[in-house]
Amino acid sequence: MKKLFTYCFLLIALNSFSQTYFPFPDSIGVWKQTSLYYQPNSTGVIHYSIFMNGDTIINGFLYNKLYIYSCGQNIIPDPYPIPTFNCPIDTSNSFYYGALREVNKRVYFHPDSLYNYSHWYPFCFTSNWSSQPSLNEELLVYDFNVAAGDTLIYPHLDSLKMIITSIDSVLIQSDYRKKYNYNLIYNWSMSCVPFGASYNYVEGIGDNSGLFSLFIMYFENGEYLSCFEDDEVFYSNPNFNGCSLTSLKEYFNNDDLKIYPNPASSNLFIELSDFNDTFNAQLNIFDISGKEVYSLPIIQSTTKIDVSSLKSGLYLLKITSENGNSISKLLSIH
């Protein structure tokens, strides 16, 4: 009977895990990425961020707006360690990149024709330039409905075929998320084949080679996701050197600080689980460029503030104790 009970318990646990799904962020998300350009005896390194900031309606569908900010290229000699990502976002020099939405566990990207005109997407798309997809249609990026052995076809990527070889999991801040491992089959356009790609993507985050690594045109270059963060998790790519944690926020114990609702439009509640009478701390809110827009001393475990005067967008809420320790969370204002 004891063995039967244990067996049934394991089945229930496994079934619970299989039913847990982590969707893509729907208001807050920052993908910090690194591009490498290989040159004789040196490598060009570009750190850049793609981040959500607000929403928009396109063809009747609600999307999250994506922006891109780059810190430019640095040349490092070979052999090299790839430098740790350290590129604070400057919203005044960021550009609208397109829009993202998830429906039925599928993630779609809607490119922006103005961005493509002024900056050009470094996407492979199709080897036949005359049959590139319209920038007025959404493109499939990820499908989280697939099972091992399934094949996905991307018509806009030279009819690329993605074969899901296996599905396992990765532990991210106490939760296991599904990781989809895959192989790629191209018709003939070798410029579409990722160089040094990880060939896997993770629930709620995307590919370890970058949010749109599947779309990138490759010629002596490589793409990597350095780290990802939203209002719930901070994920650092285990195959990379990670990020400077002060580039947007500092790593924290996610259970110590709770803010709700998030996104917020009027009243925002801040809860500190380890608050006590001797606690002396300061609450600060910064916009994504680092400018302080709100400040208040923390005098109780739960604090309510009015954020209706703040403009819509992405913010960093930070609480700093008198000894200099701090905890932070991303905040979205609608």
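The values are calculated or read from the model by the stated rules, or taken from the named source; none is laboratory data. Only a predicted model underlies this, so the values are computations on that prediction, with no experimental measurement involved. Note that we place each Cβ from the backbone using ideal geometry, even for glycine, and neighbour counts take in every protein chain shown.
Would a scan of the range 217-225 turn up a residue that is assigned to a loop (DSSP other than H, G, I, E, B), modelled with pLDDT under 85 and polar (S, T, N, Q)? No, the range 217-225 contains no residue that is assigned to a loop (DSSP other than H, G, I, E, B), modelled with pLDDT under 85 and polar (S, T, N, Q). Anything in the range 155-175 that is modelled with pLDDT under 90 and exposed (fewer than 14 other Cβ atoms within 10 Å of the Cβ)? List them, or say none. Within the range 155-175, 155, 173, 174 meet the criteria. Against the criterion of being in contact with a strand residue (DSSP E or B) (Cβ under 6 Å, 6 or more places away or on another chain), among the charged types (D, E, K, R) and more than 15 Å from residue 225 (Cβ to Cβ), residue 32 does not qualify. If you filter the range 103-140 down to residues that are modelled with pLDDT of 95 or more and of a type in the set (A, V, I, L, M), you find that the one that is surrounded by the most Cβ atoms within 10 Å (Cβ to Cβ) is 107. Basic (Lys, Arg) and over 20 Å from residue 32 (Cα atoms): does that describe residue 106? Taking the combined requirement at face value, the residue satisfies it.
Test residue 96 against the stated conditions and say whether it is modelled with pLDDT of 95 or more, touching a strand residue (DSSP E or B) at 6+ places or on another chain (Cβ under 8 Å) and hydroxyl-bearing (Ser, Thr, Tyr).
In short, no.
Listed by first and then second residue, the pairs with beta-carbon distance under 7 Å, at least 6 apart or on different chains, first residue in the range 271-299 and of a type in the set (Asp, Glu), second at pLDDT 85 or above and in a loop (DSSP other than H, G, I, E, B), are 271/301.
Residue under question is residue 53, and the condition is that it be in the same structural domain as residue 214 (by TED's automatic domain parsing), among the polar types (S, T, N, Q), modelled with pLDDT of 90 or more and within 30 Å of residue 103 (Cβ to Cβ); does it hold? No, not satisfied.
Among residues of the range 259-315 being among the hydrophobic types (A, V, I, L, M, F, W, C), over 22 Å from residue 25 (Cβ atoms) and not in a strand (DSSP E or B), the one that is modelled with the highest pLDDT is 299.
No other residue among 196, 206 is at pLDDT 85 or above and not β-branched (Val, Ile, Thr) apart from 206.
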